[in-house]
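Right, I'll just put the structure down here and ask away after.
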Amino acid sequence: MRSPASRRGDTTNVRKSEVIRIIQSDLLTDRRGTGFDRIRLRHHALPEINLNEVDPSIIFMGKKLSFPLLISSMTGGSARLLRTINRRLAEAAEETGVAFAVGSQRVMFTHPAARASFEVRPWAPHTLVFANLGAVQLNNGFGLRHCQEAVRTAGADGLFLHLNPLQEAIQPEGNTNFGGLADRIAEVAHRLNCPVILKEVGAGLSPEDVSQMVKRGIRYFDVAGAGGTSWSRIEHHRTKEGDEGLGLLLQDWGWPTPRALLALRPFRDRVTLIASGGLRSGLDMAKAMILGASLCGMALPFLAAACRSKAQVIRKILQFKREFVTVLFLLGVRRATYLIGNHSLLMADVLSDEGCDDRRREAIP
Ligand SMILES: Cc1cc2nc3c(=O)[nH]c(=O)nc-3n(C[C@H](O)[C@H](O)[C@H](O)COP(=O)(O)O)c2cc1C
């Protein structure tokens, strides 16, 4: 008789391919409900700069990016397609000068054949690369050694630890013991020889989450808010015996990404924020940076392209870059870094629309 842990390992390995099939067959897994479209920026008919002079590059964790884009964590595993997807994403990131994160590496500890899909450094020698593990695994036998191995395998510059209580709660095989996790994350982060970035996967981080972890020394957070990929909806499809609608009930649960960024404004002098969750254009990227992000992540927008070819991924990246540069030009902003937390670029009335208390308290010019 096989142990529950071994059964969970098998499930982890097939899950990644299953998730791609679900996303391809249900367009509503992308909720398109962040609220970014309700935010308007201050157009300038006299921007007083030359479009060609706009510099969208940034430095993040000591590496120069051609513009502030991260291809967010998606995949990896023993199936050939998963390795191909990571290779295309890594090579496209290298060619265009953006950052890249592999998907959860838990599977490589149960399926050695999956490891090669995470060995991305040879495909992206100069790229800012991130490893990835589920934080809740620190309550399931994982520890510093696993984190070090994940980082080493990816040749990574940093480690994403993802928090996904909603997803785990809907999953039939979910790990739902999140007790005492903050201390365990801190312990690993203090002993690891590269930065740990704490992220959600599409329901957002609250100010209380960030406060708890800032006290414990974490400095990088990816809000990964609601309004984009819905893991609750994806897990609903995966639940064979029926979840009695729980996954659908909670498919839009969480902090919409712009709202999460605003709620984290009080921490801006102590933390570096990444925005992800429903960003779908260079315009969304500019808005996310104005709301406080230093880097912008997108996952789903690259999935279909990566299933086709590296060239398609590069095309998408360059499309987002052109959109981003055009927005900077129209704002009269010469450098991408000038956007970060610069609320004077917002139209005065836009943030109160969503009835967010945090926003009403903000003094927006
Ligand atoms: C196919 C797919 C697989 C994902 N797998 C992971 C993962 O393994 N680890 C993780 O931290 N996030 C994972 N995510 C979440 C993304 O990194 C991101 O935080 C979230 O999807 C929000 O971004 P989006 O709306 O642009 O997709 C995955 C997303 C997608 C679409």
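To check you understand DSSP bridge types, tell me what percent of the beta bridges within the chain (both residues inside) are antiparallel, rounded to 5.
About 15 percent, rounded to the nearest 5.
Taking every pair of alpha-carbon atoms in region 35-82, what share in percent sits in each 10 Å bin, from 0 to the bin with the longest distance?
Final binned percentages: 16, 23, 35, 17, 8, 1.
Something else: What's the Kirkwood radius of region 72-173 in Å, using all Cα pairs?
By the Kirkwood definition, the hydrodynamic radius is 13.7 Å.
Another question, then. Can you pull the three principal axis extents for the Cα set of region 231-299, in Å, largest first?
Between the extreme Cα coordinates on each principal axis of region 231-299 lie 47, 25, 14 Å.
Scaled to the compact-protein estimate 2.2 N^0.38 Å, what is the alpha-carbon radius of gyration of region 1-142, rounded to two decimal places?
Dividing the Cα Rg of region 1-142 by 2.2 N^0.38 Å gives 1.34.
Quick one: go through region 250-272 and flag any residue whose amide nitrogen is under 12 Å from the point 7 Å out along the Cα-to-Cβ line of residue 206.
In region 250-272, the label zone of residue 206 (backbone N under 12 Å from the point 7 Å along Cα→Cβ) covers 254-255.
Most exposed first by the Cβ proxy, i.e. fewest other Cβ within 10 Å, how do 323, 53 rank?
Going from least to most buried by this count: 53, 323.
Given a Förster distance of 35 Å, report the FRET efficiency between residue 268 and residue 121 from their Cβ-Cβ distance, rounded to the nearest 0.05.
0.65
Out of every Cα-Cα pair in region 115-246, what percent are more than 23 Å apart?
That tail contains 38 percent of the Cα-Cα pairs.
Also, I was wondering about something else. Can you give the percent of C-alpha pairs in the chain whose distance is more than 28 Å?
Of the Cα pairs, 40 percent sit more than 28 Å apart.
With both bridge residues required to lie in region 37-193, what share of the DSSP beta bridges run antiparallel, to the nearest 5%?
25 percent
Please order 294, 276 by the number of other Cβ within 10 Å, starting at the fewest.
Details: 294 23, 276 27.
Placing the least packed residue first, the sequence is 294, 276.
Roughly how many debye, to the nearest 20, is the charge dipole of region 128-188 about its Cα centre, given +1 on each Lys and Arg Cβ, -1 on each Asp and Glu Cβ, and no other charges?
Working: 3 positive and 6 negative charges, 21 e Å.
Value, rounded to 20: 100 debye.
In what order do 307, 147 fall by count of nearby beta-carbon atoms within 10 Å, going from fewest to most?
307, 147
Treat each spin label as a single point 7 Å out from the Cα along the C-beta direction, and report the residue 173 to residue 22 distance in nm.
Between residue 173 and residue 22, the label points sit 1.3 nm apart.
Compute the angle between helix 80-96 and the longest alpha-carbon principal axis of the chain, please, reported from 0 to 90 degrees and rounded to the nearest 10.
Taking Cα atoms only, the helix is inclined about 30 degrees.
List the residues of region 139-173 whose backbone N lies under 16 Å from a point placed 7 Å from the Cα of residue 14 along the Cα-to-Cβ direction.
From region 139-173, the list is 172-173.
Right, another one. If I model a spin label at residue 347 and residue 51 as a point 7 Å from the Cα along the Cα→Cβ vector, what separation in nanometres do I get?
2.2 nm
Additional query: Please quote Rg/Rh for region 255-337 to two decimal places, taking the Kirkwood radius as Rh and restricting both calculations to Cα atoms. Could you put the intermediate results ahead of the total?
Working: Rg = 13.8 Å, Rh = 13.6 Å.
Looking at region 255-337, the ratio lands at 1.01.
Let me understand region 47-114 better: what is its radius of gyration from the alpha carbons, and its Dmax, in angstrom?
16.3, 57
May I pose another question? Take the cross-link list 215/321; 215/310; 16/321; 199/316 and give me the ones stretching past 32 Å between alpha-carbons.
215/321; 215/310
Is the shape of region 168-326 rounded, prolate or oblate, going by the alpha carbon gyration tensor and its root eigenvalues a ≥ b ≥ c, with a/c under 1.5 for rounded and a/b larger than b/c for prolate?
Here region 168-326 falls in the oblate category.
Only the coordinates and a few stated rules stand behind these numbers; no lab work does. Predicted, not measured: the structure shown is a model, and the values here were computed from it. When we count neighbours, we look across all protein chains shown, and the Cβ atoms used for this are built from the backbone with ideal geometry, even at glycine.
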